[in-house]
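Working notes, beginning with the structure itself.
The values are calculated or read from the model by the stated rules, or taken from the named source; none is laboratory data. Remember, predicted model here, so these are calculated numbers, not experimental data. Neighbour counts are summed over all protein chains in view; Cβ atoms, including those assigned to glycine, are modelled from backbone coordinates with ideal geometry.
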Amino acid sequence: MEQLNVTRNAYRFDKNKKQSKNLLKKRKQPRFGICFDVDGVLARGTLPLPQAIKAFRKLVDDKGDLNVPVAFVTNALNRNEDKASQISGWMDVQIDASQMVQAQGPLEVFKGFHDKFCLVIGQGKVTDIAKELGFKDICVLDELIDAYPLLDMVNHDNRKRIAIEGYVEKKFRKVEAIVLMGEPKHWESSLQLLVDLLKTDGKPDHAPEAVPETHLPVIACNMDLQFMDRACMPRYGHGAYLLCLEALYKKVTGKPLQYTSLVGKPSEITMRFAEHVLTRESRRLGYDEPLKRIYLIGDTPEVDIVGSNLYQRYIKRLRERQQMLRDSNIESSAKDIYLNEIYDPELPESRQIPKSATLSKQTVDQVESLLVCTGVYKPNQSHEEGGDEKNYQGHRDFPRITELYRPTHTFTDVNEAIDYILEKEQCFT
């Protein structure tokens with residue numbers, strides 16, 4: 001609560017100016033973009049927050065169109081068109097599907113996997129979502145269970161059915177990669193079959209002589225251990241499912257599960273993709289000045305704040321490498337290649353941006369994390385930043401660093417956060 005009070009005291013300005021209807025009348029090109037988390041910031045479950053509706057009124061012109069580059073960075077799993085339509089209805093502002101950066105969003109640039117035969121895990125319209133991202137050859141868990149009925153013995157109904165009716169195994173191609181978009185309905189069956197796939201290199205029709213040293217590629221979207229819905233307490237998220245998969249694989253094989261890539265907040269991959277989306281949106285609005293600042297408004301320190309601060313560190317390291325290369329004696333032709341290199345030697349492989357990714361030029365220098373108190377974070381709950389090591393809730397590939405949990409500012413709600421941004425930027429005054 002102390003940090004919240006400090007922010008409030010440090011941030012006082014004329015209320016009439018803050019709420020002026022003429023705030024957006026005079027335009028100049030914004031050099032910033034705003035990333036909104038959704039659950040806990042704009043809505044609780046399917047109910048929009050009144051403060052969010054009020055905030056969006058300050059970001060539109062006389063025609064009701066957004067005046068600044070905006071993206072929605074959420075660890076939800078939906079079709080972009082469906083989520084954009086939902087937010088449009090909440091805020092009474094036209095939101096385009098291209099502004100969505102959902103948990104699976106960065107997979108759009110994972111073109112090296114788009115032609116592989118991928119098993120896609122998740123609920124809802126996962127097949128449509130995968131195709132929307134560019135995946136051309138996919139299967140789902142039910143198809144795998146149908147092909148290998150003896151593998152799903154944790155399902156007692158399946159066990160009884162086989163005892164009565166018998167079974168027939170079907171030919172099924174070798175799975176080449178596993179894409180975990182979100183938690184499935186029946187965790188027990190999927191956990192069993194995923195471990196089977198990893199142990200048999202994608203072809204679970206035989207018992208392996210030994211566990212492979214390197215298993216199938218595994219891409220996971222959304223590492224949230226919990227999320228805030230309409231219940232009085234946070235609910236288990238996809239991160240809880242991943243924790244179960246990691247523990248079972250390690251218990252059964254004695255080896256740690258290796259992720260090819262982890263996307264969704266707080267990964268650097270997702271924040272880099274969010275900058276790409278904001279740049280694209282800026283161009284769509286008719287602006288040609290490069291973006292220099294990103295404001296991310298979120299309600300979860302472990303996800304939103306850590307993600308913002310990790311990306312700030314990523315940018316800092318990138319600038320240092322670029323400067324070092326400019327000052328070096330490398331030939332100009334080779335130097336251009338290195339200056340465009342997105343590989344960060346300080347990150348584990350699971351957090352690297354794919355080298356083949358096609359993204360807009362990286363221009364942002366500053367990332368501000370704005371924490372609001374309408375979701376997971378509660379200022380009246382006394383706790384150490386990020387929890388102690390014993391109670392750390394982040395993913396194992398994102399080590400706990402206390403400084404990463406500190407937001408740039410803390411606000412009561414998203415409306416206060418938008419007031420802060422507009423006052424600081426003086427973009428439309």
Just to check your reading of the model, which residue among L193, L262 is of a type in the set (A, V, I, L, M, F, W, C) and either closer than 23 Å to D152 by Cβ or surrounded by fewer than 17 Cβ atoms within 10 Å (Cβ to Cβ) (or both)? L193
Where the second residue is among the aliphatic types (A, V, I, L, M) and the first is farther than 18 Å from A274 by Cβ and lies in segment 310-328, which pairs have Cβ atoms under 7 Å and are six or more apart or on separate chains? Q322/L339; L325/L339
Give segment 389-412 a look and list any residue that's surrounded by fewer than 11 Cβ atoms within 10 Å (Cβ to Cβ) and at pLDDT below 90, or say none. E389, K390, N391
Just wondering, is there one or more residues in segment 159-172 that are in contact with a Gly (Cβ under 6 Å, 6 or more places away or on another chain), of a type in the set (D, E, K, R) and surrounded by 11 or more Cβ atoms within 10 Å (Cβ to Cβ)? no
Yes or no: F56 at pLDDT 90 or above, closer than 19 Å to V376 by Cβ and either buried (at least 22 other Cβ atoms within 10 Å of the Cβ) or in the same structural domain as T363 (by TED's automatic domain parsing) (or both)? no
Considering only residues that are of a type outside the set (D, E, K, R), within 10 Å of A55 (Cβ to Cβ) and assigned to a loop (DSSP other than H, G, I, E, B), which ones fall in segment 401-429? none
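Taking the options K131, K199, K185, name whichever one is under 29 Å from L107 (Cα atoms), in contact with a Ser or Thr (Cβ under 9 Å, 6 or more places away or on another chain) and either surrounded by fewer than 19 Cβ atoms within 10 Å (Cβ to Cβ) or assigned by TED's automatic domain parsing to the domain that holds Y249 (or both).
On inspection, the qualifying residue turns out to be K199.
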Breaking point among (1) outside any helix (DSSP H, G or I); (2) surrounded by fewer than 20 Cβ atoms within 10 Å (Cβ to Cβ); (3) modelled with pLDDT of 95 or more, for L291: (2)
Condition check: in the same structural domain as L285 (by TED's automatic domain parsing) and at pLDDT below 95. Does A76 satisfy that? yes
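Just the residues that are touching a residue at least 40 places away in the same chain (Cβ under 8 Å) and either closer than 30 Å to N75 by Cα or out of contact with any Asp or Glu (no Cβ under 7 Å at 6 or more places or on another chain) (or both), please, taken from segment 139-172.
Those that are touching a residue at least 40 places away in the same chain (Cβ under 8 Å) and either closer than 30 Å to N75 by Cα or out of contact with any Asp or Glu (no Cβ under 7 Å at 6 or more places or on another chain) (or both): L141, L144, I145, D152.
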Just one of the numbered conditions (1) closer than 15 Å to G298 by Cα; (2) at pLDDT 85 or above is not true of V376; which one? (2)
